[in-house]
Amino acid sequence: MKPGFSARTSWNTEETECARTLRERRAAGLPVLDLTASNPTRCGFEYDAARLLPPLADPSALDYDPDPRGMLRAREAVSSYYVSHRAEIDPEQIFLTTSTSEAYSYLFRLLCDPGDEVLIAQPSYPLFDFLADLDDVRLIPYSLFYDYGWHLDLQSLREKITSRTRAIALVHPNNPTGHFSTLQERLQLEAVCREHGLALIVDEVFLDYPLGDGAVPSFASGDHPALTFVLSGLSKIAALPQMKAAWIACFGPEPALAEAIRRLEVIADTFLSMNAPIQCALPAWLRESGNLREQIRRRTSANLAALDEALAAQTLVSRLRVDAGWYAVLRVPAIAGDEEISLRLLLDHGVAVHAGRFFGFPGSGWLVVSLLTHQEVFRAGIDGIASYFSNLDACT
């Protein structure tokens, strides 16, 4: 007999035609202008090994003192990080995790029984689908709409709430749209959560990467009339995705907050997934994170300026407003499906981009490009995109 497997893992893992073509192109040694880069450790930034690696040799890591929430000094460092974001957090309200993915899983287990629902904005990052499947949670999309900037469709959100809804999740700023939730939207979300007894899950991994002037407040700041969980981690803050350190900061009214923390402690204690060397190093890495963030901000700002310069020379491709993050969304002629356009760009110009449908954009005519890419590669890739559509226009 064949072994049985759970239905929750019956995903379609077949390689897409674009992924196969990209793999074959690289294997053949053909040039690739990769505008999908998301790994900062492979984008040419300068990592100071002499400062980043010694904290891993802290002798105190040899002592095993398990704490479900994580080492106190590591949680205190996370608390200190939020001071610059105008938020005061008691370290006792912080839980360390190995990733924001693990943080989501903890919260899904905390809030949901099998078949319960979490509302999540669309467009958004597709990783959430796998996390929800593994925890037997249903993700229900609510719409964002674009009108000289991205906005929450509050009516769409309200219409999606059912007796099985347990939480509303959002990314602030959103990935890939790069928009911040406004104060008015925050107040509306908190009111809906209070009205329906829902929790609010806020992923702020890109909070430190604004593309304009002025900082936008964290959801960790201010009052919290509804049970609120703010997620972030070193993957983006310190550009250290390989170090596997993230956290959940818990807020809300009593007695719900105390009960949530009590239950989260049991969940975290069951896994105790954080290792000691990483926790010992976390305070130093947070202190040293400013240099890498500045390198990335310079790169993303320069690439955004180059994108605007290239697009100003033609009329077929435009970009949508972006306030923060590592990505830009392009509006292109909907001459075919996004996947087919992405494939043609790769075959004809060697340009790799994300199809909009990968992130849940409706219809056709959406491409997503990474602003993290090396500047010379980025500009050449954008020129290739513009050339592709100009040539099509010339043939019609």
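The values are calculated or read from the model by the stated rules, or taken from the named source; none is laboratory data. These numbers were taken from a predicted model, which means no experiment stands behind them. Neighbour counts are summed over all protein chains in view; Cβ atoms, including those assigned to glycine, are modelled from backbone coordinates with ideal geometry. Ligands, DNA and RNA are excluded from the accessible area calculation, which covers all protein heavy atoms including side chains. Shrake-Rupley method; radii C 1.70, N 1.55, O 1.52, S 1.80 Å.
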Helices (runs of 4 or more DSSP H) within the range 1-118 that include 3 or more residues touching a residue at least 12 places away in the same chain (Cβ under 8 Å) | 17-27, 72-81, 100-111
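Name the one entry in Ala220, Ala215, Ala239 that is open to solvent by 60 Å² or more (accessible area, probe 1.4 Å) and assigned to a loop (DSSP other than H, G, I, E, B). Show your work before the answer.
Working: Ala220 fails: open to solvent by 60 Å² or more (accessible area, probe 1.4 Å); Ala239 fails: open to solvent by 60 Å² or more (accessible area, probe 1.4 Å).
Selected residue: Ala215, the only one of Ala220, Ala215, Ala239 that is open to solvent by 60 Å² or more (accessible area, probe 1.4 Å) and assigned to a loop (DSSP other than H, G, I, E, B).
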Give the range 247-281 a look and list any residue that's of a type in the set (Phe, Trp, Tyr), open to solvent by less than 50 Å² (accessible area, probe 1.4 Å) and closer than 24 Å to Asp58 by Cβ, or say none.
-> Trp247
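Take the range 361-379 and flag every residue that is surrounded by fewer than 19 Cβ atoms within 10 Å (Cβ to Cβ) and of a type outside the set (Lys, Arg). Working first, answer last.
Just the residues of the range 361-379 that are surrounded by fewer than 19 Cβ atoms within 10 Å (Cβ to Cβ), to begin with: 362-365, 374-376, 379.
Correct list: Pro362, Gly363, Ser364, Gly365, His374, Gln375, Glu376.
Within the range 288-311, is there a residue that is outside any strand (DSSP E or B) and more than 26 Å from Pro176 (Cβ to Cβ)?
Step one: of the range 288-311, the residues outside any strand (DSSP E or B) are 288-311.
After this cut, where a residue has to be more than 26 Å from Pro176 (Cβ to Cβ) as well, the list is 288.
The answer is yes; a qualifying residue exists.
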Consider Tyr146 against the criteria (1) exposed (fewer than 14 other Cβ atoms within 10 Å of the Cβ); (2) touching a residue at least 40 places away in the same chain (Cβ under 8 Å); (3) in contact with a Ser or Thr (Cβ under 9 Å, 6 or more places away or on another chain): it satisfies all of them except one. Which criterion is unmet?
-> (1)
In the range 315-343, which residues are touching a helix residue (DSSP H, G or I) at 6+ places or on another chain (Cβ under 7 Å), open to solvent by 30 Å² or more (accessible area, probe 1.4 Å) and either part of a strand (DSSP E or B) or farther than 14 Å from Thr36 by Cβ (or both)?
-> Leu316, Ser318, Arg319, Pro333, Ile335
Taking the range 344-359 and the residues there that are under 26 Å from Arg297 (Cα atoms) and among the small types (Gly, Ala, Ser), the one that is surrounded by the most Cβ atoms within 10 Å (Cβ to Cβ) would be Gly356
Unique residue being more than 14 Å from Pro55 (Cβ to Cβ) and in contact with a His (Cβ under 6 Å, 6 or more places away or on another chain) when the list is Phe251, Phe271, Phe229 | Phe251
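Restricting to the range 344-364, what's the tally of residues that are assigned to a helix (DSSP H, G or I) and out of contact with any helix residue (DSSP H, G or I) (no Cβ under 9 Å at 6 or more places or on another chain)?
Going residue by residue through the range 344-364, those that are assigned to a helix (DSSP H, G or I) are 344-349, 356-359.
When the remaining residues are screened for being out of contact with any helix residue (DSSP H, G or I) (no Cβ under 9 Å at 6 or more places or on another chain), the result is 359.
Qualifying residue count, the range 344-364: 1.
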Check on Leu52, modelled with pLDDT of 95 or more, out of contact with any helix residue (DSSP H, G or I) (no Cβ under 6 Å at 6 or more places or on another chain) and of a type in the set (A, V, I, L, M, F, W, C) | yes
Which of (1) under 23 Å from Ala238 (Cβ atoms); (2) touching a helix residue (DSSP H, G or I) at 6+ places or on another chain (Cβ under 7 Å); (3) surrounded by 13 or more Cβ atoms within 10 Å (Cβ to Cβ) does Ser60 not meet, given it meets every other one?
-> (3)
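Give the residues of the range 185-205 that are in a loop (DSSP other than H, G, I, E, B), surrounded by fewer than 20 Cβ atoms within 10 Å (Cβ to Cβ) and on the phi < 0 side of the Ramachandran plot, sorted by residue number. Break it down stepwise before answering.
Going through the range 185-205, the residues in a loop (DSSP other than H, G, I, E, B) turn out to be 197-198, 204-205.
Next, only the ones that are surrounded by fewer than 20 Cβ atoms within 10 Å (Cβ to Cβ) stay: 197.
Once the filter is applied, which keeps residues that are in a loop (DSSP other than H, G, I, E, B), surrounded by fewer than 20 Cβ atoms within 10 Å (Cβ to Cβ) and on the phi < 0 side of the Ramachandran plot, the range 185-205 yields nothing.
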